[in-house]
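Novice: After the C-alpha coordinates below, expect a handful of questions from me.
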Amino acid sequence: MILHIDMDAFFASVEQSSNPDLKNRPIAVTGSEKRSVIITSSYEARHFGVKTGMVIPEAKKVCPHLIIVIANFEKYASTSKKIMEIFKKYGVTEVFSVDEAFIDIGNESPSYIATSIKSEIKRQFGITCSIGVGKNKTIAKLASGSNKPDGYFVADSFDKIRDMPIDEVCGIGKKSSAKLRLLSINTIADFVNKEEHVLKKVMGIHGIRLKLALLGQLPEPVNPKHPAPKSVSNSMTLPHDIWSWNDIQRAIFQLSEKVAFRLRCYNLWGKKVSLYVRYKDFEGFCIDKKYYQYTNNEQEIYQRSLDLLKNVRLTKPIRLLSVSVTELAPAKQLSIFGQKNTNRLEAIDSIRRKWGFNAVTWGILLNKYEHKPPISPAWRPERY
(Lines give C-alpha, C1' and ligand atoms only; values in the text may rest on other atoms or scores of the structure.)
Protein backbone atom coordinates (compact mmCIF):
# COMPACT_ATOMS: atom_id res chain seq x y z
CA MET A 1 0.00 0.00 0.00
CA ILE A 2 1.02 3.59 -0.62
CA LEU A 3 0.41 6.55 1.66
CA HIS A 4 -0.04 10.11 0.42
CA ILE A 5 0.57 12.70 3.12
CA ASP A 6 -0.76 16.20 2.50
CA MET A 7 -0.06 18.91 5.07
CA ASP A 8 -3.17 20.90 6.01
CA ALA A 9 -3.02 24.58 4.92
CA PHE A 10 0.74 24.20 5.32
CA PHE A 11 2.03 27.78 5.08
CA ALA A 12 -0.81 29.14 7.22
CA SER A 13 -0.46 26.31 9.75
CA VAL A 14 3.28 26.94 10.14
CA GLU A 15 2.57 30.63 10.80
CA GLN A 16 -0.12 29.82 13.36
CA SER A 17 2.13 27.30 15.09
CA SER A 18 5.06 29.73 15.34
CA ASN A 19 2.91 32.67 16.52
CA PRO A 20 0.40 31.89 19.32
CA ASP A 21 -1.50 35.12 18.57
CA LEU A 22 -2.53 33.66 15.21
CA LYS A 23 -3.90 30.35 16.47
CA ASN A 24 -7.57 29.69 15.71
CA ARG A 25 -7.80 33.00 13.83
CA PRO A 26 -8.52 33.66 10.14
CA ILE A 27 -5.20 34.37 8.45
CA ALA A 28 -4.06 34.58 4.84
CA VAL A 29 -0.49 34.17 3.64
CA THR A 30 0.53 36.52 0.83
CA GLY A 31 3.69 37.46 -1.04
CA SER A 32 3.48 41.12 0.05
CA GLU A 33 1.21 43.32 2.10
CA LYS A 34 -0.42 45.29 -0.72
CA ARG A 35 -0.04 43.93 -4.23
CA SER A 36 0.02 40.17 -3.83
CA VAL A 37 -2.72 37.58 -4.05
CA ILE A 38 -3.65 35.04 -1.39
CA ILE A 39 -1.20 32.12 -1.52
CA THR A 40 -3.05 30.09 1.08
CA SER A 41 -5.33 30.67 4.05
CA SER A 42 -6.13 29.02 7.36
CA TYR A 43 -9.24 26.90 7.68
CA GLU A 44 -10.74 29.62 9.87
CA ALA A 45 -10.41 32.03 6.90
CA ARG A 46 -11.65 29.47 4.39
CA HIS A 47 -14.85 29.21 6.43
CA PHE A 48 -15.64 32.81 5.38
CA GLY A 49 -14.85 32.13 1.72
CA VAL A 50 -11.21 33.27 1.51
CA LYS A 51 -9.62 31.38 -1.39
CA THR A 52 -6.21 31.01 -2.98
CA GLY A 53 -5.73 33.53 -5.80
CA MET A 54 -7.94 36.24 -4.32
CA VAL A 55 -6.54 39.76 -4.18
CA ILE A 56 -6.31 41.14 -0.67
CA PRO A 57 -9.22 43.66 -0.98
CA GLU A 58 -11.47 40.86 -2.24
CA ALA A 59 -10.45 38.59 0.65
CA LYS A 60 -11.00 41.42 3.16
CA LYS A 61 -14.47 41.95 1.76
CA VAL A 62 -15.60 38.39 2.55
CA CYS A 63 -13.64 38.33 5.84
CA PRO A 64 -13.16 41.87 7.25
CA HIS A 65 -11.19 40.62 10.28
CA LEU A 66 -8.75 38.64 8.10
CA ILE A 67 -5.13 38.83 9.27
CA ILE A 68 -2.58 39.19 6.46
CA VAL A 69 0.75 37.43 7.02
CA ILE A 70 3.70 37.99 4.68
CA ALA A 71 5.09 34.67 3.48
CA ASN A 72 8.40 33.39 4.82
CA PHE A 73 9.33 30.79 2.22
CA GLU A 74 12.66 29.98 3.87
CA LYS A 75 10.78 28.96 7.02
CA TYR A 76 8.35 26.77 5.08
CA ALA A 77 11.12 25.06 3.14
CA SER A 78 13.12 24.42 6.32
CA THR A 79 10.06 22.95 8.08
CA SER A 80 9.28 20.81 5.04
CA LYS A 81 12.77 19.31 4.95
CA LYS A 82 12.45 18.25 8.59
CA ILE A 83 9.02 16.73 7.97
CA MET A 84 10.27 14.78 4.95
CA GLU A 85 13.00 13.26 7.12
CA ILE A 86 10.28 11.94 9.42
CA PHE A 87 8.51 10.31 6.46
CA LYS A 88 11.70 8.52 5.39
CA LYS A 89 11.74 6.56 8.64
CA TYR A 90 8.55 4.76 7.61
CA GLY A 91 9.38 3.66 4.07
CA VAL A 92 10.60 4.67 0.63
CA THR A 93 9.59 8.33 0.27
CA GLU A 94 8.95 10.46 -2.79
CA VAL A 95 8.70 14.19 -2.15
CA PHE A 96 5.87 15.43 -4.36
CA SER A 97 5.92 19.10 -3.35
CA VAL A 98 6.79 21.30 -0.39
CA ASP A 99 3.79 19.95 1.56
CA GLU A 100 3.14 16.53 -0.01
CA ALA A 101 4.87 13.16 -0.17
CA PHE A 102 4.23 9.52 -1.04
CA ILE A 103 5.46 6.65 1.14
CA ASP A 104 5.62 3.00 0.10
CA ILE A 105 4.98 1.16 3.37
CA GLY A 106 5.15 -2.35 1.92
CA ASN A 107 3.09 -4.76 4.04
CA GLU A 108 3.09 -2.61 7.17
CA SER A 109 -0.16 -1.52 8.81
CA PRO A 110 -1.27 1.78 7.21
CA SER A 111 -3.36 2.65 10.26
CA TYR A 112 -0.43 2.29 12.65
CA ILE A 113 1.98 4.23 10.43
CA ALA A 114 -0.53 7.00 9.73
CA THR A 115 -1.21 7.41 13.44
CA SER A 116 2.53 7.50 14.19
CA ILE A 117 3.23 10.10 11.50
CA LYS A 118 0.36 12.33 12.59
CA SER A 119 1.45 12.17 16.25
CA GLU A 120 5.08 12.96 15.48
CA ILE A 121 4.28 15.92 13.22
CA LYS A 122 1.78 17.31 15.73
CA ARG A 123 4.26 16.94 18.59
CA GLN A 124 7.24 18.47 16.79
CA PHE A 125 5.61 21.18 14.70
CA GLY A 126 2.14 21.73 16.13
CA ILE A 127 0.44 21.22 12.75
CA THR A 128 -1.74 18.54 11.18
CA CYS A 129 -1.77 16.51 7.98
CA SER A 130 -4.24 14.39 6.05
CA ILE A 131 -3.28 10.90 4.92
CA GLY A 132 -4.73 8.78 2.15
CA VAL A 133 -4.04 5.11 1.46
CA GLY A 134 -4.33 3.39 -1.91
CA LYS A 135 -2.92 0.75 -4.22
CA ASN A 136 -1.03 3.37 -6.19
CA LYS A 137 -0.13 7.06 -6.04
CA THR A 138 -3.17 8.26 -7.99
CA ILE A 139 -5.62 6.59 -5.60
CA ALA A 140 -3.66 7.53 -2.47
CA LYS A 141 -3.62 11.21 -3.45
CA LEU A 142 -7.37 11.12 -4.07
CA ALA A 143 -7.90 9.55 -0.66
CA SER A 144 -5.86 12.15 1.23
CA GLY A 145 -8.03 14.98 -0.07
CA SER A 146 -11.35 13.38 0.80
CA ASN A 147 -11.40 14.03 4.54
CA LYS A 148 -9.46 17.20 5.33
CA PRO A 149 -8.22 18.59 7.66
CA ASP A 150 -6.44 16.06 9.88
CA GLY A 151 -8.07 13.27 7.88
CA TYR A 152 -7.36 9.61 7.26
CA PHE A 153 -9.01 7.65 4.46
CA VAL A 154 -8.31 4.20 3.06
CA ALA A 155 -9.37 3.75 -0.57
CA ASP A 156 -8.96 -0.01 -0.66
CA SER A 157 -11.72 -0.61 -3.21
CA PHE A 158 -13.04 1.17 -6.28
CA ASP A 159 -16.37 1.77 -4.53
CA LYS A 160 -14.59 4.15 -2.15
CA ILE A 161 -13.70 6.56 -4.98
CA ARG A 162 -16.26 5.89 -7.72
CA ASP A 163 -18.52 8.87 -6.88
CA MET A 164 -15.74 11.44 -6.45
CA PRO A 165 -15.72 14.33 -8.98
CA ILE A 166 -13.40 13.65 -11.89
CA ASP A 167 -11.71 17.05 -11.54
CA GLU A 168 -10.30 15.97 -8.16
CA VAL A 169 -8.00 13.48 -9.90
CA CYS A 170 -4.38 14.59 -10.11
CA GLY A 171 -3.54 14.94 -13.81
CA ILE A 172 -6.92 16.28 -14.93
CA GLY A 173 -6.74 20.03 -15.34
CA LYS A 174 -9.39 22.63 -16.04
CA LYS A 175 -9.29 22.22 -19.81
CA SER A 176 -9.54 18.42 -19.73
CA SER A 177 -12.23 18.59 -17.07
CA ALA A 178 -14.32 20.95 -19.20
CA LYS A 179 -14.02 18.64 -22.22
CA LEU A 180 -14.98 15.61 -20.12
CA ARG A 181 -18.06 17.37 -18.74
CA LEU A 182 -19.25 17.97 -22.30
CA LEU A 183 -19.24 14.17 -22.65
CA SER A 184 -21.25 13.77 -19.39
CA ILE A 185 -18.16 12.53 -17.56
CA ASN A 186 -18.55 14.04 -14.10
CA THR A 187 -17.41 11.31 -11.71
CA ILE A 188 -14.60 8.79 -11.57
CA ALA A 189 -17.11 6.03 -12.36
CA ASP A 190 -18.20 7.94 -15.49
CA PHE A 191 -14.55 8.21 -16.52
CA VAL A 192 -13.56 4.54 -16.16
CA ASN A 193 -16.79 3.35 -17.83
CA LYS A 194 -16.17 5.48 -20.93
CA GLU A 195 -14.80 3.83 -24.05
CA GLU A 196 -11.02 4.04 -24.27
CA HIS A 197 -11.03 5.60 -27.73
CA VAL A 198 -13.08 8.51 -26.33
CA LEU A 199 -10.65 9.04 -23.43
CA LYS A 200 -7.72 8.86 -25.83
CA LYS A 201 -9.29 11.45 -28.11
CA VAL A 202 -9.73 13.88 -25.21
CA MET A 203 -6.54 13.24 -23.25
CA GLY A 204 -4.27 11.10 -25.43
CA ILE A 205 -2.54 8.05 -24.02
CA HIS A 206 -2.58 9.76 -20.61
CA GLY A 207 -6.34 9.15 -20.48
CA ILE A 208 -5.86 5.39 -20.83
CA ARG A 209 -3.13 5.33 -18.20
CA LEU A 210 -5.31 7.32 -15.83
CA LYS A 211 -8.21 4.91 -16.27
CA LEU A 212 -5.98 1.95 -15.38
CA ALA A 213 -4.57 3.84 -12.38
CA LEU A 214 -8.05 4.64 -11.03
CA LEU A 215 -9.01 0.98 -11.36
CA GLY A 216 -5.91 0.05 -9.38
CA GLN A 217 -4.48 -1.82 -12.37
CA LEU A 218 -1.49 0.46 -13.00
CA PRO A 219 1.45 0.19 -10.59
CA GLU A 220 3.01 3.54 -9.82
CA PRO A 221 6.25 2.93 -7.91
CA VAL A 222 7.32 5.46 -5.32
CA ASN A 223 10.50 7.00 -6.68
CA PRO A 224 12.85 8.73 -4.21
CA LYS A 225 14.93 10.02 -7.13
CA HIS A 226 13.11 12.87 -8.76
CA PRO A 227 13.09 13.38 -12.51
CA ALA A 228 14.61 16.57 -13.83
CA PRO A 229 12.15 19.48 -14.10
CA LYS A 230 10.35 19.92 -17.42
CA SER A 231 10.42 23.70 -17.14
CA VAL A 232 12.12 26.40 -15.10
CA SER A 233 10.31 29.67 -14.56
CA ASN A 234 10.11 32.68 -12.29
CA SER A 235 7.37 35.25 -11.97
CA MET A 236 7.24 38.55 -10.14
CA THR A 237 4.39 40.76 -8.99
CA LEU A 238 6.01 44.18 -9.21
CA PRO A 239 5.97 46.58 -6.22
CA HIS A 240 4.22 49.09 -8.50
CA ASP A 241 2.81 49.02 -12.02
CA ILE A 242 5.46 49.71 -14.65
CA TRP A 243 5.15 51.25 -18.08
CA SER A 244 8.53 52.53 -19.24
CA TRP A 245 10.71 50.33 -21.44
CA ASN A 246 13.68 50.69 -19.06
CA ASP A 247 11.65 49.38 -16.13
CA ILE A 248 10.33 46.47 -18.20
CA GLN A 249 13.86 45.56 -19.32
CA ARG A 250 15.13 45.60 -15.74
CA ALA A 251 12.32 43.34 -14.52
CA ILE A 252 12.81 40.86 -17.36
CA PHE A 253 16.56 40.70 -16.75
CA GLN A 254 15.96 40.10 -13.04
CA LEU A 255 13.71 37.14 -13.86
CA SER A 256 16.06 35.84 -16.57
CA GLU A 257 18.96 35.94 -14.11
CA LYS A 258 17.12 33.70 -11.63
CA VAL A 259 15.89 31.27 -14.30
CA ALA A 260 19.38 30.93 -15.77
CA PHE A 261 20.96 30.30 -12.37
CA ARG A 262 18.44 27.56 -11.57
CA LEU A 263 18.97 25.95 -14.98
CA ARG A 264 22.72 25.79 -14.41
CA CYS A 265 22.20 24.36 -10.92
CA TYR A 266 20.20 21.52 -12.51
CA ASN A 267 22.82 21.25 -15.29
CA LEU A 268 20.10 21.90 -17.85
CA TRP A 269 19.48 24.25 -20.73
CA GLY A 270 16.48 24.86 -22.94
CA LYS A 271 15.34 25.93 -26.38
CA LYS A 272 11.93 27.50 -25.78
CA VAL A 273 11.45 30.81 -23.98
CA SER A 274 8.03 32.03 -22.82
CA LEU A 275 7.07 35.45 -21.50
CA TYR A 276 3.85 36.11 -19.60
CA VAL A 277 2.58 39.65 -19.07
CA ARG A 278 -0.25 40.61 -16.72
CA TYR A 279 -1.66 44.13 -16.84
CA LYS A 280 -2.79 46.12 -13.80
CA ASP A 281 -6.40 45.06 -14.45
CA PHE A 282 -5.31 41.37 -14.30
CA GLU A 283 -5.77 40.78 -18.04
CA GLY A 284 -2.73 39.16 -19.57
CA PHE A 285 -1.12 37.31 -22.45
CA CYS A 286 1.66 34.79 -23.05
CA ILE A 287 4.07 34.68 -25.99
CA ASP A 288 6.75 32.08 -26.68
CA LYS A 289 9.22 30.96 -29.30
CA LYS A 290 11.37 27.90 -29.87
CA TYR A 291 14.96 28.73 -30.77
CA TYR A 292 17.53 26.62 -32.56
CA GLN A 293 20.21 26.83 -29.88
CA TYR A 294 19.96 25.71 -26.26
CA THR A 295 20.84 28.20 -23.53
CA ASN A 296 21.12 28.64 -19.77
CA ASN A 297 22.71 32.08 -20.01
CA GLU A 298 20.75 34.98 -18.47
CA GLN A 299 21.81 37.44 -21.14
CA GLU A 300 20.57 35.16 -23.91
CA ILE A 301 17.30 34.38 -22.09
CA TYR A 302 16.87 38.11 -21.53
CA GLN A 303 17.45 38.97 -25.21
CA ARG A 304 15.07 36.25 -26.35
CA SER A 305 12.41 37.53 -23.95
CA LEU A 306 12.82 41.07 -25.29
CA ASP A 307 12.59 39.75 -28.86
CA LEU A 308 9.23 38.22 -27.96
CA LEU A 309 7.99 41.53 -26.63
CA LYS A 310 9.31 43.93 -29.25
CA ASN A 311 6.48 43.31 -31.72
CA VAL A 312 3.76 43.53 -29.05
CA ARG A 313 1.90 46.78 -28.47
CA LEU A 314 1.48 47.17 -24.73
CA THR A 315 -1.80 48.87 -23.92
CA LYS A 316 -1.70 49.18 -20.11
CA PRO A 317 0.77 49.33 -17.24
CA ILE A 318 2.20 45.96 -16.21
CA ARG A 319 1.55 44.37 -12.82
CA LEU A 320 3.29 40.99 -13.22
CA LEU A 321 5.92 39.41 -15.46
CA SER A 322 7.04 35.80 -15.82
CA VAL A 323 9.93 34.24 -17.75
CA SER A 324 9.99 30.51 -18.47
CA VAL A 325 12.37 28.16 -20.29
CA THR A 326 11.13 24.77 -21.52
CA GLU A 327 12.14 21.95 -23.89
CA LEU A 328 15.04 21.20 -21.59
CA ALA A 329 18.01 18.88 -22.03
CA PRO A 330 21.20 18.09 -20.09
CA ALA A 331 23.64 20.94 -20.63
CA LYS A 332 26.89 20.23 -22.44
CA GLN A 333 30.24 21.97 -22.25
CA LEU A 334 30.34 24.98 -24.56
CA SER A 335 32.86 25.23 -27.37
CA ILE A 336 36.19 27.03 -26.91
CA PHE A 337 34.59 30.18 -28.36
CA GLY A 338 32.21 30.39 -25.41
CA GLN A 339 34.75 29.42 -22.76
CA LYS A 340 35.33 32.91 -21.39
CA ASN A 341 31.64 33.48 -20.78
CA THR A 342 31.27 29.99 -19.29
CA ASN A 343 34.07 30.60 -16.78
CA ARG A 344 32.49 33.89 -15.74
CA LEU A 345 29.12 32.25 -15.08
CA GLU A 346 30.77 29.43 -13.15
CA ALA A 347 32.48 32.00 -10.92
CA ILE A 348 29.18 33.82 -10.32
CA ASP A 349 27.38 30.55 -9.48
CA SER A 350 30.16 29.52 -7.10
CA ILE A 351 29.82 32.79 -5.17
CA ARG A 352 26.05 32.43 -4.98
CA ARG A 353 26.18 28.88 -3.68
CA LYS A 354 28.48 29.98 -0.88
CA TRP A 355 27.08 33.38 0.04
CA GLY A 356 23.54 33.42 -1.33
CA PHE A 357 21.93 34.40 -4.62
CA ASN A 358 22.04 38.15 -3.96
CA ALA A 359 25.77 38.17 -3.13
CA VAL A 360 26.61 39.10 -6.72
CA THR A 361 24.59 40.53 -9.60
CA TRP A 362 24.81 42.42 -12.88
CA GLY A 363 25.09 46.18 -13.22
CA ILE A 364 21.62 46.52 -14.72
CA LEU A 365 20.23 45.15 -11.44
CA LEU A 366 21.98 47.41 -8.94
CA ASN A 367 18.46 48.63 -8.07
CA LYS A 368 16.60 45.34 -8.06
CA TYR A 369 12.88 45.11 -7.56
CA GLU A 370 12.09 43.72 -4.13
CA HIS A 371 10.93 40.20 -4.74
CA LYS A 372 10.66 37.01 -2.71
CA PRO A 373 9.87 34.27 -5.21
CA PRO A 374 7.29 31.76 -3.96
CA ILE A 375 8.00 28.07 -3.64
CA SER A 376 7.23 26.48 -6.98
CA PRO A 377 5.09 23.34 -7.42
CA ALA A 378 8.27 21.52 -8.50
CA TRP A 379 10.04 22.31 -5.20
CA ARG A 380 12.26 19.57 -3.83
CA PRO A 381 14.62 19.73 -0.82
CA GLU A 382 17.65 19.49 -3.10
CA ARG A 383 16.41 21.96 -5.72
CA TYR A 384 16.76 25.72 -6.04
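Novice: Between the helical axis of 245-265 and the dominant principal axis of the chain, each derived from Cα atoms, what acute angle in degrees is found, rounded to the nearest 10?
Specialist: 60
Novice: Could you order the peptides 131-137, 157-163, 35-41 from most to least packed, using the average number of other C-beta atoms within 10 Å per residue?
Specialist: Values: 131-137: 24.3, 157-163: 14.6, 35-41: 20.9.
The densest-packed peptide leads the list: 131-137, 35-41, 157-163.
Novice: Going by alpha carbons, how many degrees (0 to 90, nearest 10) lie between the helix axis of 110-125 and the longest principal axis of the chain?
Specialist: 50
Novice: Which sequence of Leu328, Leu306 reflects their accessible areas, 1.4 Å probe, from the largest down?
Specialist: Numbers: Leu328 40, Leu306 15 Å².
My answer, sorted largest first, is Leu328, Leu306.
Novice: How many nm is it between the label spots at Ser97 and Glu327, if each spot is 7 Å from the Cα in line with the beta carbon?
Specialist: The modelled label-to-label distance comes out at 2.8 nm.
Novice: For Lys310, list the lysines whose Cα falls under 24 Å from its own Cα; do not include residues on the same chain fewer than 8 positions away.
Specialist: Lys258, Lys271, Lys272, Lys280, Lys289, Lys290, Lys368
Novice: In addition: Could you order the peptides 251-264, 102-115, 196-209 from most to least packed, using the average number of other C-beta atoms within 10 Å per residue? Mind showing how you got there, number by number?
Specialist: Values: 251-264: 23.0, 102-115: 16.6, 196-209: 14.6.
So the peptides 251-264, 102-115, 196-209, ranked by packing, come out 251-264, 102-115, 196-209.
Novice: Starting from a Cα-only point model with no solvent, please compute log10 I(q)/I(0) by Debye for the chain at q = 0.08, 0.09, 0.11 1/Å.
Specialist: -0.50, -0.64, -0.96
Novice: Would you mind working out the magnitude of the charge dipole of segment 226-293 relative to its Cα centre, with +1 at each Lys and Arg C-beta and -1 at each Asp and Glu C-beta, to the nearest 20 Debye? Don't skip to the end; give the middle numbers.
Specialist: Numbers: 11 positive and 6 negative charges, 92 e Å.
The calculated dipole for segment 226-293 is roughly 440 debye.
Novice: With each label point set 7 Å from Cα along the Cα-Cβ vector, what nm distance links Asp156 and Asp21?
Specialist: Distance between label points: 4.8 nm.
Novice: For segment 34-159, what is one quarter of the convex hull surface built on the Cα atoms, given in nm²?
Specialist: On the way: hull surface 35.8 nm².
Convex hull of Cα atoms, orientation-averaged projection: 8.9 nm².
Novice: Okay, next question. How big is the charge dipole of the chain about its Cα centre, in debye rounded to the nearest 20, if each Lys and Arg gets +1 on its Cβ and each Asp and Glu gets -1 on its Cβ?
Specialist: Numbers: 58 positive and 39 negative charges, 197 e Å.
Result for the chain is approximately 940 debye, rounded to the nearest 20.
Novice: A further question on this structure: Accessible area of Cys286, 1.4 Å probe, to the nearest 10 Å²?
Specialist: 80
Novice: What's the angle, to the nearest 10 degrees (0 to 90), between helix 298-309's Cα axis and the longest principal axis of the chain?
Specialist: 90
Novice: With every protein chain present, what is the per residue accessible area of the chain (1.4 Å probe, Å²)?
Specialist: Roughly 52 Å² per residue, with all protein chains present.
Novice: Over all distinct Cα pairs, what is the inverse of the mean 1/r for segment 148-270, reported as the Kirkwood hydrodynamic radius in Å?
Specialist: Numbers: mean 1/r = 0.0543 Å⁻¹.
Roughly 18.4 Å, rounded to one decimal.
Novice: Below 16 Å Cα-Cα, how many Lys pairs turn up in segment 10-98? Only count pairs eight or more apart in sequence, or on different chains, if you could.
Specialist: Details: Lys34/Lys60; Lys34/Lys61; Lys51/Lys60; Lys51/Lys61; Lys81/Lys89.
Close lysine pairs found across segment 10-98: 5.
Novice: If you don't mind, there's one more thing I want to ask. Placing +1 on the Cβ of each Lys and Arg and -1 on the Cβ of each Asp and Glu in the chain, which of Asn311, Leu365, Ile121 has its Cα farthest towards the positive end of the resulting dipole?
Specialist: In the chain, that residue is Asn311.
Novice: Right, another one. With a 1.4 Å probe and all protein chains left in place, how much of the accessible area of segment 5-156 comes from carbon and sulfur atoms, in whole percent? Walk me through the numbers on the way to the answer.
Specialist: Working: 3380 of 6750 Å².
Reported share for carbon and sulfur atoms: 50 percent.
The values are calculated or read from the model by the stated rules, or taken from the named source; none is laboratory data. Everything quoted here is computed from the prediction, not taken from an experiment. Heads up, the Cβs are rebuilt from the backbone with ideal geometry, glycines too, and the neighbour counts pull from every protein chain shown. Quick note on the areas: whole protein, heavy atoms, side chains included, nothing else; ligands and nucleic acids left out. Shrake-Rupley method; radii C 1.70, N 1.55, O 1.52, S 1.80 Å.
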